[in-house]
1. When a footprinting reagent is the concern and you count Cβ atoms within 10 Å, what order do Arg5, Arg115, Arg268 take, fewest first?
2. Can I get the semi-axes of the range 3-267's equivalent ellipsoid? Compute them from the C-alpha gyration tensor as square roots of 5 times the eigenvalues, in angstrom, largest first.
3. Please report, to two decimal places, log10 I(q)/I(0) for the range 172-278 at q = 0.16 Å⁻¹ as given by the Debye formula with identical point scatterers on the Cα atoms and no solvent.
4. Net charge near Gly108, counting Lys/Arg +1 and Asp/Glu -1 over other residues with Cβ under 10 Å of its Cβ?
5. Whole-Hz Karplus ³J(HN,Hα) for the range 115-121, in order, using 6.51 cos²θ - 1.76 cosθ + 1.60 and θ = phi - 60°, x for Gly and Pro?
6. Mind checking the dipole of the chain: about its Cα centre, +1 per Lys or Arg Cβ, -1 per Asp or Glu Cβ, Debye to the nearest 20?
7. Given contacts defined as C-alpha pairs under 8 Å and at least six residues apart, what's the relative contact order of the range 3-267, whole-number percent?
8. Tell me, what is the percent relative contact order of the range 199-278, built from C-alpha pairs under 8 Å that lie six or more residues apart?
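Every number here is computed from the coordinates shown, using simple stated rules; none is lab data. Since this is a predicted model, take the numbers as computed values, not measurements. Methodologically, a virtual Cβ is constructed for each residue, glycine included, from the backbone with ideal geometry; neighbour enumeration extends over all protein chains shown.
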Amino acid sequence: MTVVRAALVQTSWTGDKESMIVRHEEYAREAAAAGAQVVCFQELFYGPYFCQVQDAAFYEYAESVPGPVVERFQALARELGIVMVLPVYEQEQPGFLYNTAAVLDADGSYLGKYRKHHIPHVNGFWEKFYFRPGNLGFPVFDTAVGKVGVYICYDRHFPEGWRALGLNGAQIVFNPSATSRGLSSYLWKLEQPAAAVANEYFVGAINRVGIEDLGDDDFYGTSYFVDPQGQFVGDVADGHNPELVVRDLDLELLTEVRNRWAFYRDRRPDAYDDLVAP
């Protein structure tokens, strides 16, 4: 497959889990109707970004993966013939909770999951209260649209995972996020284009929008796709309103860029031991 039509969903909190799930089912149908072959939702897509506070009541949003939400979207992926990346709250067992993304193929099959590695714990982002660090490595999933990887929100500040996904063969990496205007907006259009260039793949960056009822963080949207040359694919999404972003990604560009810049050939892993020393 040379050209992949890919979609991102940025949206606001509806007020309850079921209506949020229904909204995303509608977005998936809209994406498929527009010809999209793969779609990724925002971080913790069926809930508010509850990490603005520390409250054990929000543990109730966690479920097994696969579990009820993932299985519901497996049926939809099968119906629509679309690859889906579903960022969810996972309970492996009581007390073992993760910020996770499930990956579904276009036939509805469950391919596996990625667990967020880097867990922040600063004002408005109290994530260590809710999540253990990921422990499944940096998998790349062989989907109907090519090789897809996932890196979640705060992960994007750490170059090692981006590189691991590239070494594992990723062609498209999705970074679903919940990030607010005051803290990180100046980095949003820098880090992910830089990662796309350094690792020679496409990146889909997703962020929610609006102010939720748990705090005053203003989630600034501006979701986008960026190519391996660091160029935005089409326009960046709105900074305030929900939006479905659908773009064509030409995977032939990967070969062109990798032939031009032989970053993988010229790596020096023999010289990097000190970078991972304890």
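1. Working: Arg5 18, Arg115 21, Arg268 6.
Placing the least packed residue first, the sequence is Arg268, Arg5, Arg115.
2. Details: eigenvalues 136, 83, 68 Å².
They are 26, 20, 18 Å, listed from largest to smallest.
3. Once normalised to I(0) and log-transformed, intensities are -0.78.
4. Numbers: positive: Arg78; negative: Glu71, Glu79, Asp105, Asp107.
Summing Lys/Arg as +1 and Asp/Glu as -1 gives -3.
5. Ordered by residue, 3J(HN,Hα) equals 10, 3, 7, 9, 10, x, 8 Hz.
6. Details: 23 positive and 38 negative charges, 125 e Å.
Result for the chain is approximately 600 debye, rounded to the nearest 20.
7. On the way: 609 pairs, mean separation 53.7, N = 265.
Taking the mean separation of contacting Cα pairs over the length of the range 3-267, I get 20 percent.
8. Values: 97 pairs, mean separation 19.8, N = 80.
Once divided by the residue count of the range 199-278, the mean separation gives 25 percent.
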